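Step one of this worksheet: look at the structure below.
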Amino acid sequence: MKLIYWLCSAMFVFMLIGCNTLTLRPAEFSWPVEIVLKPDAKGNVQETRYHISFNVKALLFDAVQDSINVTKYSLRVIRDQDGFYFITAKGFKDVYIFADCEGALKLEKKLLINEKGLDAPAFNQKTAFIQLINEKNDEEPPILLSKNGIQGGEKK
């Protein structure tokens, strides 16, 4: 009877161990600098250094109501330490935050930055935050962004 008890206990323990997911921590996903991606005629962008590619037509339609003239836009993309992608471009009013999702990028948050549209946006990595600079407006301080939104209060 004791042998059956020990065998059942051992099987239960092995089943629990088999159900655990292997997690490697800490992990760092951030890119040190932004990348600038130019869409091709089909709306696809690709960066071989970071092995990323995606189609931007839906994003451009949402941002500027144009999914036809996609080659005239240069998208600014950076990835934070948690693996979220921050995307914007000249003329965009918003910064789009995307997450990986089964072979796709899923919109997590859209942050309104400037009602008139950005003149010359640029991203920098600042430890736990993404810094957004609108280069043509030196009077405007950099904006710190995270996956949760604009840090230090909402932008006016």
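The values are calculated or read from the model by the stated rules, or taken from the named source; none is laboratory data. Quick caveat: nothing in here was measured; it's all calculated off a predicted structure. Every residue, glycine as well, gets a Cβ built from its backbone with ideal geometry; the counts of neighbours run over all protein chains shown.
Brief remarks follow.
- Residue that is modelled with the lowest pLDDT [pool: residues in segment 111-141 that are surrounded by 12 or more Cβ atoms within 10 Å (Cβ to Cβ) and farther than 24 Å from Leu59 by Cα]: Asn137
- Filter result (more than 17 Å from the chain's Cα centre (by Cα) and more than 17 Å from Ser74 (Cβ to Cβ)) within segment 25-47: Arg25, Pro26
- Of the residues making up segment 67-77, those that are more than 11 Å from Ala89 (Cβ to Cβ) and either free of Cβ contacts under 8 Å to residues at least 12 places away in the same chain or out of contact with any helix residue (DSSP H, G or I) (no Cβ under 8 Å at 6 or more places or on another chain) (or both) are Ile68, Asn69, Thr71.
- Flag not set for Ala89, criterion: at pLDDT 95 or above, over 19 Å from Pro39 (Cβ atoms) and among the small types (Gly, Ala, Ser).
- Check on Glu115, over 20 Å from Arg49 (Cβ atoms) and assigned to a loop (DSSP other than H, G, I, E, B): yes
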